[in-house]
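Q: Take this structure, written in structure tokens, and hold onto it; I'll ask about it next.
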Amino acid sequence: MNSKIWLSSPHMGGTEQNFVKEAFDTNWIAPMGPNVNGFENDISLFLGGTTHVAALSSGTAGLHLGLVLLGVKAGDEVICQSMTFSASANPIAYLGAKPVFVDSESETWNMSPALLEKAILDRQAAGITPKAIIPVHLYGMPAKMDEIMDIAHRYGIPVLEDAAEALGSSVNGRMCGTFGDIGILSFNGNKIITTSGGGALVSENPGIVKDARFLSTQARDEAPHYQHSKIGYNYRISNLCAGVGRGQMEVLAERVGQRRAIYNQYYNKLNAVRGIHFLTEPAGYFCNRWLTTIIIEPAIAGFTREDLRLALEKDNIESRPLWKPMHLQPVFSGCAFYGDGTAENLFINGLCLPSGSNLTQADMDRVFAIIDKFIR
Ligand SMILES: *Cc1c(COP(=O)(O)O)cnc(C)c1O
């Protein structure tokens with residue numbers, strides 16, 4: 001059997017172990033310490049220097065805290081992009097609030113501004129103002145944040161920006177994660193950089209980040225004993241994981257370059273093939289190319305995305321359909337949805353190709369050898 005080629009696997013830079021060793025040597029084996037502070041600083045600088053950062057145990061924890069900080073309570077409605085990973089929407093359910101799903105537009109595959117506004121107007125006509133809007137930057141491609149923020153401001157609804165897949169992506173030089181009232185990042189094992197598991201909540205508002213730190217460390221009031229006037233969470237990152245993160249921040253820009261080079265290889269080889277389409281960058285958009293994705297039109301290409309996925313799998317190569325939209329998930333059946341079929345079509349015909357920054361040329365050649373059999 002050929003060795004496994006993963007969709008996206010961890011890629012250490014080399015200095016991570018130094019930071020972890022230092023944590024051992026100084027006995028900072030705790031959910032706080034110099035690596036946590038250093039990691040937060042590194043992220044803040046990377047995002048442009050004016051962003052405040054609370055490093056957490058996961059991106060999902062960031063979304064949960066973000067909704068808590070925006071005041072979402074049981075029975076409230078929260079608008080969420082339908083085409084996404086379930087972690088974008090699950091925290092709405094943690095709070096007993098109701099997701100209202102919005103479809104994608106076809107240019108970035110992210111939340112459609114037109115359908116977002118339609119959803120808000122329709123909810124308002126029913127006497128409800130949604131408490132928050134959760135747009136996502138799928139596969140690293142920035143959503144149409146200028147339009148989404150305009151609409152959000154017009155209706156006075158805060159934005160929780162899910163930038164879990166988009167660290168290093170930007171629009172006109174502004175980094176993803178910094179557009180919303182609150183942004184979240186993920187450092188899960190398959191993301192562009194990883195702490196083995198981790199995330200961050202970011203905001204230009206220092207008060208929000210201070211409150212996130214407070215809630216993420218069990219909401220202890222200032223007192224010598226344990227005193228609580230709020231429900232807290234245990235969501236802080238460990239000083240060990242943050243050490244891995246500091247090492248990874250040193251190579252983040254390089255990782256973005258490597259993933260973009262992999263996208264370019266796929267694009268140059270397959271863009272001319274009839275029935276295969278790529279997600280390209282609108283003017284001013286910069287995508288970290290976390291995953292390279294293609295749409296296969298079966299009627300024109302002569303094969304389906306599932307044909308290709310199974311052939312890759314037979315050669316021990318991992319590929320994956322695009323995210324199945326949340327409004328089609330059994331667990332969210334019955335939730336409101338505003339759409340026009342865009343996300344559903346992307347799901348039916350879309351495939352994520354191996355995109356890790358540690359793929360070798362031999363790996364890429366194996367992937368192309370399988371694809372070549374279909375397009376001949
Ligand atoms: C990975 C991911 C998350 C969750 O991040 P974790 O760190 O795994 O909890 C949230 N949203 C999206 C879009 C993701 O891809």
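Q: With Lys118, Lys73 as the choices, which residue is part of a loop (DSSP other than H, G, I, E, B), at pLDDT 95 or above, out of contact with any Asp or Glu (no Cβ under 9 Å at 6 or more places or on another chain) and not assigned by TED's automatic domain parsing to the domain that holds Gly341?
A: Checking each option against the conditions leaves just Lys73.
Q: Can you spot a residue in segment 243-255 that is among the polar types (S, T, N, Q), within 15 Å of the ligand (Cβ to nearest atom) and closer than 21 Å to Ala166 by Cα? Talk me through it step by step, then tell me what you get.
A: Step one: list which residues in segment 243-255 are among the polar types (S, T, N, Q), which gives 248.
Retained after the next criterion (residues that are within 15 Å of the ligand (Cβ to nearest atom)): 248.
Those left that are additionally closer than 21 Å to Ala166 by Cα: 248.
Yes, there is a match, as at least one residue in segment 243-255 is among the polar types (S, T, N, Q), within 15 Å of the ligand (Cβ to nearest atom) and closer than 21 Å to Ala166 by Cα.
Q: In addition: Quick one: in segment 125-167, of everything that is over 21 Å from Thr292 (Cα atoms) and either touching a Gly at 6+ places or on another chain (Cβ under 6 Å) or not assigned by TED's automatic domain parsing to the domain that holds Ala97 (or both), which residue is farthest from the ligand (Cβ to nearest atom)?
A: Within segment 125-167, the match that is farthest from the ligand (Cβ to nearest atom) is Val159.
Q: Output the number of residues of segment 126-150 satisfying the condition of being over 26 Å from Gly75 (Cβ atoms) and open to solvent by 70 Å² or more (accessible area, probe 1.4 Å).
A: 3
Residue-by-condition table, conditions (1) among the charged types (D, E, K, R); (2) open to solvent by 50 Å² or more (accessible area, probe 1.4 Å); (3) touching a strand residue (DSSP E or B) at 6+ places or on another chain (Cβ under 7 Å); (4) assigned to a loop (DSSP other than H, G, I, E, B):
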{"position": "Ala223", "(1), (2), (3), (4)": "no, no, no, yes"}
{"position": "Gln248", "(1), (2), (3), (4)": "no, no, no, no"}
{"position": "Arg255", "(1), (2), (3), (4)": "yes, no, no, no"}
{"position": "Val273", "(1), (2), (3), (4)": "no, no, no, yes"}
{"position": "Pro282", "(1), (2), (3), (4)": "no, no, no, yes"}
{"position": "Arg289", "(1), (2), (3), (4)": "yes, no, no, yes"}
{"position": "Ala299", "(1), (2), (3), (4)": "no, yes, no, no"}
{"position": "Glu306", "(1), (2), (3), (4)": "yes, yes, no, no"}
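For every residue, the table says whether it meets (1) within 16 Å of the ligand (Cβ to nearest atom); (2) open to solvent by 70 Å² or more (accessible area, probe 1.4 Å); (3) within 19 Å of the chain's Cα centre (by Cα); (4) not aliphatic (A, V, I, L, M).
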{"residue": "Asn18", "(1), (2), (3), (4)": "no, yes, no, yes"}
{"residue": "Phe24", "(1), (2), (3), (4)": "no, yes, no, yes"}
{"residue": "Met32", "(1), (2), (3), (4)": "no, yes, no, no"}
{"residue": "Gly62", "(1), (2), (3), (4)": "yes, no, yes, yes"}
{"residue": "Val72", "(1), (2), (3), (4)": "no, no, no, no"}
{"residue": "Ser88", "(1), (2), (3), (4)": "yes, no, yes, yes"}
{"residue": "Ile120", "(1), (2), (3), (4)": "no, no, no, no"}
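Q: Can we say Ala200 is under 19 Å from Ile237 (Cα atoms) and within 12 Å of the chain's Cα centre (by Cα)?
A: In short, yes.
Q: Does Leu47 satisfy the condition of being open to solvent by 40 Å² or more (accessible area, probe 1.4 Å), more than 16 Å from the ligand (Cβ to nearest atom) and among the hydrophobic types (A, V, I, L, M, F, W, C)? Lay out the reasoning, then the answer.
A: Values: open to solvent by 40 Å² or more (accessible area, probe 1.4 Å): no; more than 16 Å from the ligand (Cβ to nearest atom): yes; among the hydrophobic types (A, V, I, L, M, F, W, C): yes.
Judged against the criteria, Leu47 is not a match.
Q: Output the residues belonging to segment 181-206 that are more than 9 Å from the ligand (Cβ to nearest atom), open to solvent by 10 Å² or more (accessible area, probe 1.4 Å) and either farther than 17 Å from Leu252 by Cβ or assigned to a strand (DSSP E or B) (or both).
A: Answer for segment 181-206, where residues must be more than 9 Å from the ligand (Cβ to nearest atom), open to solvent by 10 Å² or more (accessible area, probe 1.4 Å) and either farther than 17 Å from Leu252 by Cβ or assigned to a strand (DSSP E or B) (or both): Asp181, Glu204, Asn205, Pro206.
Q: Would you be able to tell me the number of residues in segment 207-221 that are surrounded by fewer than 22 Cβ atoms within 10 Å (Cβ to Cβ) and β-branched (Val, Ile, Thr)?
A: 2
The values are calculated or read from the model by the stated rules, or taken from the named source; none is laboratory data. The structure presented is a predicted model; accordingly, all values stated were derived computationally and were not measured. Every residue, glycine as well, gets a Cβ built from its backbone with ideal geometry; the counts of neighbours run over all protein chains shown. In case anyone asks, the SASA skips ligands and DNA or RNA and just uses the protein heavy atoms, side chains included. Shrake-Rupley method; radii C 1.70, N 1.55, O 1.52, S 1.80 Å.
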